[in-house]
There are 2 protein chains.
Amino acid sequence: MTDTVDFPPTKKTKVKRLPYRGHYDRATVHAILDAGVIAHVGYVIDGHPYVTPTSFWRHEDRVYWHGSSASRMLETIEGGSPVCLTVSHLDGFVMARSGFHHSVNYRAVMAFGMAHKVTDEAEKLQSLKDFSDRLFPGRWEMLRPVNKQELKATMVLKMDLKECSAKVRTGPPVDDDEDYALPIWAGVLPVKMVTGEPVDDPRNLPGVKRPDHLNPKIW
Amino acid sequence: MTDTVDFPPTKKTKVKRLPYRGHYDRATVHAILDAGVIAHVGYVIDGHPYVTPTSFWRHEDRVYWHGSSASRMLETIEGGSPVCLTVSHLDGFVMARSGFHHSVNYRAVMAFGMAHKVTDEAEKLQSLKDFSDRLFPGRWEMLRPVNKQELKATMVLKMDLKECSAKVRTGPPVDDDEDYALPIWAGVLPVKMVTGEPVDDPRNLPGVKRPDHLNPKIW
């Protein structure tokens, strides 16, 4: 994390509470996005907020997500509803000597903007390949290729990373000075997302081997 | 999961895409909420959506979250802005024989409503204890007690679970019939959130023991 400002803070993105947790540099924002699988996408219908979890990916200074061409979420957003896309990671429980100073370690990005449909077929196909490649490199080439109808049934949205910021907490608890004298265990209980042992589809053909891209990974 | 309807579906909560993934029973909704630590809270300021990740808890048919009395998010919501609180779990990558049929296994709840500030001091204190107890039973009693100023500096919001639904995907990939003949590995790569080895605060007093409530856990 650096103090570089690649994404100038705005009324929406400036971290007001605990401003030292805010970061506006590309490296921090990209790293938090790339460590995530699911984004929570916020949008507004008739003045009411909706938050839909969805898988997403990043390419350069853009985030992408996708779904059925019939999806209410995608239709609303593609129709011009502003978006807040949030990606968060819970990294640990911060356990202090008082309830008040308990906290969590986390990394989060909030990105605001308008999203647009990817209309060019080649660009859409490439973006779906980017999505696959970033999670499971090499898998795309092993698959039965995407056909025209599937491409048509899939909507891909893209949004420029312009108005965005990161917020990060790390490290041990910060207690009131006098509480450090108390014989209470304090510390951090780390949290991680991990992948487990792959489960073979019961309908796999005999002799089909698990590919290398399934190797267990810590996110 | 059952087909019981405890939370009658509305325009907002009825699962339209893939309706068989929708659930409206209390047991499913509660279980998904209780397995989560972080909620993504959506709200609207000047017509624009905001999605803030925050820790939350449930008591009976209510969800709670908290923060600084100076928080913009809490102030906006407490002032009467409608809320969408979403809790999601990524359970696995569903890897099919075509890109199109790749998916994720997940559990998610979306809850809509208006949130209200907990104003009664005893109720506020009890709700903060509920929050602590649900994550680390027994810890609350070990801590330096909450004082008046801390209680005043903390805002707790509550929202009734009335307009809510769950959406769940489980199981193996579902491929096109003819693709099952292809020699491509398919299956599920499970994902879990796990806690790791606790990290002692460097300022713990000598001889302070780690309490039992830190034992590693799979969420």
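The values are calculated or read from the model by the stated rules, or taken from the named source; none is laboratory data. Remember, it's a predicted structure, so these values are computed and weren't measured experimentally. Using ideal geometry, Cβ is built from the backbone for each residue, glycine included, and neighbour counts are taken over all protein chains shown. Note: accessible area is taken over every heavy atom of the protein model, side chains too, but ligands, DNA and RNA are not part of it. Shrake-Rupley method; radii C 1.70, N 1.55, O 1.52, S 1.80 Å.
Just a few scattered comments:
- Of everything listed in (1) facing chain B (nearest Cβ under 9 Å); (2) touching a strand residue (DSSP E or B) at 6+ places or on another chain (Cβ under 6 Å); (3) of a type outside the set (Gly, Ala, Ser), the single unmet condition for A:ILE45 is (2).
- Qualifying residue in the stretch A:69-76 (condition: part of a strand (DSSP E or B) and over 28 Å from B:THR195 (Cβ atoms)): no
- Cβ-Cβ under 9 Å pairs, at least 6 apart or on other chains, the stretch A:22-33 side basic (Lys, Arg), far side open to solvent by less than 30 Å² (accessible area, probe 1.4 Å): A:ARG26/A:PHE7; A:ARG26/A:LEU161
- Among the residues making up the stretch B:46-65, those that are in a strand (DSSP E or B) and open to solvent by 50 Å² or more (accessible area, probe 1.4 Å) are B:HIS48, B:ARG58, B:HIS59, B:ARG62.
- Qualifying residue in the stretch A:76-86 (condition: modelled with pLDDT of 95 or more and of a type in the set (A, V, I, L, M)): yes
- Selection of the stretch A:128-167 for residues being over 21 Å from A:ALA31 (Cβ atoms), of a type in the set (S, T, N, Q) and surrounded by 14 or more Cβ atoms within 10 Å (Cβ to Cβ) yields only A:THR154.
- Put simply, of B:HIS40, B:HIS89, B:HIS59, B:HIS101 the only residue that is over 14 Å from the mean Cα position of the chain (by Cα) and either touching a residue at least 12 places away in the same chain (Cβ under 8 Å) or farther than 23 Å from B:ASP130 by Cβ (or both) is B:HIS101.
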